[in-house]
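Have a look at the structure below before the remarks.
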Amino acid sequence: MAQQTIGIDISDELLSGVVVSRKGRDIRVVDCATVAINDKTDITDQLSALVEQLHWRGEDCVSGISLSHFSLRNLCLPFTSEKKIEQILPFELEEHLLVPVSEQVFSAITTSQNDDGSHLLVAAIEKEFLRHHLDTLKNAGVEPAKVCMSCFVLADYLCEAGRDGQDFLLLYGDLGSMTLVVCHQKKIVFMRRLSYPEAVFTDAVFSFNGQEVSIADQETADTAVHSLCTIIQQSLERFVAASGLDLKPDHVILAGPMQLAAGFREIVEQELGLPCNVANLRMSGAATLVKDVGEKWIPALFDRPLSLALQGENRKISFDFRKDEFALPSHLLGSKKQMFALALAAGLLLAVSFGYLFFDYNSLKIQHNNLADQMKQVFKASFPEATRVVDPLAQMRARLQEVQAPTVSMPLYTQEQRILAILADISSRIPDSISMHVSRLVIDEDTVRIKGTTDAFNNVNTIKKLLADSVRYLDVAIVSATKSKEKNAIRFEIRLQLEENS
């Protein structure tokens with residue numbers, strides 16, 4: 001039986017969905033539909049209407065969200081180890097995100113690596129919105145297995161189907177914004193959402209009836225597209241300067257409803273100086289359309305939900321935010337067949353485990369007896385005067401300790417006055433005018449370590465110079481001096497190398 005997957009794309013103005021049927025390598029689009037978003041605060045009714053139009057049977061679902069709900073950053077970390085990147089990334093993001101990292105779900109991909117470290121593309125979404133998104137889908141009878149960025153998934157498929165690995169720009173145009181995706185060497189390296197000028201919204205320049213985009217004021221529309229193209233060029237220049245990539249886009253791929261607007265393609269070609277192609281994921285061989293779907297298929301509307309539906313064949317994808325506390329609940333015992341299979345597997349595993357334990361116990365017992373005999377022989381050979389052998393290992397350790405123990409136990413310091421003299425010397429050399437709090441002081445045979453806080457970096461250097469004047473210390477070094485984030489204080493550590501007779 002064919003497995004069906006639904007891809008639901010939730011943009012700022014439109015809900016769109018595609019259902020694909022997968023049987024082996026044969027992937028077919030069996031249904032598609034769109035529903036306009038009238039009330040952005042609650043789209044439960046619109047989602048329910050979309051699911052009903054798609055005749056969905058409740059199988060796999062992949063949900064896509066607009067970039068307007070994500071924070072995107074390009075970062076460079078001086079590590080190439082994935083483990084180190086995972087450890088450091090939350091602290092690095094604290095300085096770049098307005099909302100605390102603890103209140104967001106974030107994910108990252110490595111765009112490039114070199115001797116200096118790793119370049120990352122990071123996306124974060126607020127937990128509150130993600131929770132609301134999942135609750136809304138659940139109220140509409142949908143439980144998505146994956147939650148992704150719609151434009152990233154579409155761009156990822158276009159990268160794989162690209163011409164000879166050429167660099168290109170993907171521009172996905174909605175009625176209120178433009179999403180820019182940069183593909184370099186078949187990798188997505190940069191993403192940004194760019195809003196139209198305010199006049200587009202105040203004058204309601206663009207409108208969409210489900211088939212075509214109408215323009216109320218052509219001059220305002222052209223100005224808005226010109227302005228966005230300028231922002232795109234500036235964004236690319238800043239990204240290239242920061243990343244150092246040799247980025248030379250060969251062409252532009254247009255996607256989204258705005259490709260249906262008159263003159264849109266021509267303006268983009270003129271402003272960016274690159275040839276523009278229209279996205280059509282179906283023509284790349286990703287899936288075939290059944291007859292009824294072909295009559296209503298519009299690539300500008302359905303390419304994104306199609307790319308989402310095709311994600312059902314991948315177990316793990318980049319930028320899947322259905323993780324951690326938002327991971328899909330597992331239903332291991334969802335049917336009687338699963339329960340029977342689990343019970344059978346558990347019984348078989350238990351029988352094999354008991355058999356292995358019995359065999360392993362006998363083997364270990366034989367090995368233990370052999371080792372015990374060998375230990376007795378070694379002990380008798382080493383200590384022939386011993387007449388009674390009870391626990392050869394413990395007895396041998398006791399004999400060795402007796403042999404190795406020193407005849408005289410020397411104290412670490414022969415004069416208690418030594419420590420007092422060092423403390424008095426340190427105290428006398430640091431004046432009361434220097435604000436200093438010592439949190440830890442360790443004195444051993446060769447060194448003295450002082451840890452504490454002061455109110456200025458200059459104080460640390462002053463303390464070092466004052467102590468260096470003492471004849472007691474062979475060397476005085478500042479181990480560390482850092483500014484505390486919590487308090488306006490300087491944490492420091494100074495190491496004193498003692499003279500031999502100090």
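The values are calculated or read from the model by the stated rules, or taken from the named source; none is laboratory data. Being a predicted model, the structure only gives us computed values, none of them experimental. So basically every Cβ, Gly included, is an ideal-geometry build from the backbone, and we count neighbours across all protein chains shown.
Here are some notes:
- Strands (runs of 3 or more DSSP E) wholly inside the range 1-101 that include at least 2 residues being farther than 23 Å from Ser284 by Cα: 14-23, 26-36, 60-65, 70-77
- Only residues that are part of a helix (DSSP H, G or I) and either out of contact with any helix residue (DSSP H, G or I) (no Cβ under 8 Å at 6 or more places or on another chain) or at pLDDT below 90 (or both) were counted across the range 223-248, and they come to 13.
- On inspection, Gln218 does not qualify as within 18 Å of Tyr196 (Cβ to Cβ) and either without any contact (Cβ under 8 Å) to a residue 40 or more places away in the chain or outside the structural domain of Arg192 (by TED's automatic domain parsing) (or both).
- Flag for Arg397 being modelled with pLDDT under 80 and either assigned by TED's automatic domain parsing to the domain that holds Glu445 or in a helix (DSSP H, G or I) (or both): no
- Of everything in the range 257-269 that is of a type outside the set (A, V, I, L, M, F, W, C) and touching a Gly at 6+ places or on another chain (Cβ under 8 Å), the residue that is surrounded by the most Cβ atoms within 10 Å (Cβ to Cβ) is Pro257.
- Of Leu254, Leu245, Leu272, Leu306, all but one fail to be more than 21 Å from Phe206 (Cα to Cα), in the same structural domain as Asp167 (by TED's automatic domain parsing), within 31 Å of the chain's Cα centre (by Cα) and crowded, with 19+ Cβ neighbours inside 10 Å; the exception is Leu306.
- Looking only at the range 350-394, residues that are part of a helix (DSSP H, G or I), free of Cβ contacts under 8 Å to residues at least 12 places away in the same chain and not small (Gly, Ala, Ser) come to 22 in all.
- Answer residue from the range 275-298, given it is surrounded by fewer than 17 Cβ atoms within 10 Å (Cβ to Cβ) and closer than 16 Å to Leu170 by Cβ and is modelled with the lowest pLDDT among those: Ser284
- Failed item, numbered, when Val213 is tested on (1) surrounded by fewer than 20 Cβ atoms within 10 Å (Cβ to Cβ); (2) more than 33 Å from the chain's Cα centre (by Cα); (3) of a type outside the set (Phe, Trp, Tyr): (1)
- Residues in the range 101-134 that are among the acidic types (Asp, Glu) and either farther than 14 Å from Glu325 by Cα or under 18 Å from the mean Cα position of the chain (by Cα) (or both): Glu103, Asp115, Asp116, Glu126.
- Applying the condition of being assigned to a strand (DSSP E or B) and touching a Gly at 6+ places or on another chain (Cβ under 7 Å) to the range 157-181 and asking which residue is surrounded by the fewest Cβ atoms within 10 Å (Cβ to Cβ) yields Phe168.
- Thr136 being hydroxyl-bearing (Ser, Thr, Tyr), touching a helix residue (DSSP H, G or I) at 6+ places or on another chain (Cβ under 9 Å), modelled with pLDDT of 90 or more and part of a strand (DSSP E or B): no
- Positions within the range 249-298 being basic (Lys, Arg) and over 24 Å from Ser227 (Cβ atoms), in sequence order: Arg282, Lys291, Lys296
- Some residue of the range 454-464 being of a type in the set (A, V, I, L, M) and closer than 30 Å to Glu94 by Cβ: yes
- For the range 26-38, the candidate set comprises residues that are touching a helix residue (DSSP H, G or I) at 6+ places or on another chain (Cβ under 8 Å) and either closer than 28 Å to Leu98 by Cα or touching a residue at least 24 places away in the same chain (Cβ under 8 Å) (or both); within that set, the residue that is surrounded by the fewest Cβ atoms within 10 Å (Cβ to Cβ) is Ala36.
- Filtered by the rule that a residue be touching a Phe, Trp or Tyr at 6+ places or on another chain (Cβ under 9 Å) and in a helix (DSSP H, G or I), the range 260-276 gives a lone residue, Leu260.
- Members of the range 50-66 that are within 14 Å of Lys138 (Cα to Cα) and touching a Ser or Thr at 6+ places or on another chain (Cβ under 6 Å): Asp60
- Residue list for the range 182-209, filter: in a strand (DSSP E or B) and over 21 Å from Cys229 (Cα atoms): Lys187, Phe208
- Every listed requirement among (1) closer than 22 Å to Pro299 by Cα; (2) in a strand (DSSP E or B) is met by Ala123 save one, (1).
- Taking residues in the range 429-447 that are assigned by TED's automatic domain parsing to the domain that holds Val479, and partners anywhere that are aliphatic (A, V, I, L, M) and in a strand (DSSP E or B), the pairs with Cβ atoms closer than 6 Å and at least 6 places apart or on different chains are Leu441/Ile450; Asp446/Leu498.
Every residue, every condition in (1) among the β-branched types (Val, Ile, Thr); (2) crowded, with 21+ Cβ neighbours inside 10 Å; (3) at pLDDT 90 or above, yes or no:
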{"site": "Ala155", "(1), (2), (3)": "no, yes, yes"}
{"site": "Cys183", "(1), (2), (3)": "no, yes, yes"}
{"site": "Met191", "(1), (2), (3)": "no, yes, yes"}
{"site": "Leu194", "(1), (2), (3)": "no, no, yes"}
{"site": "Ala199", "(1), (2), (3)": "no, no, no"}
{"site": "Asp203", "(1), (2), (3)": "no, no, no"}
{"site": "Phe208", "(1), (2), (3)": "no, no, no"}
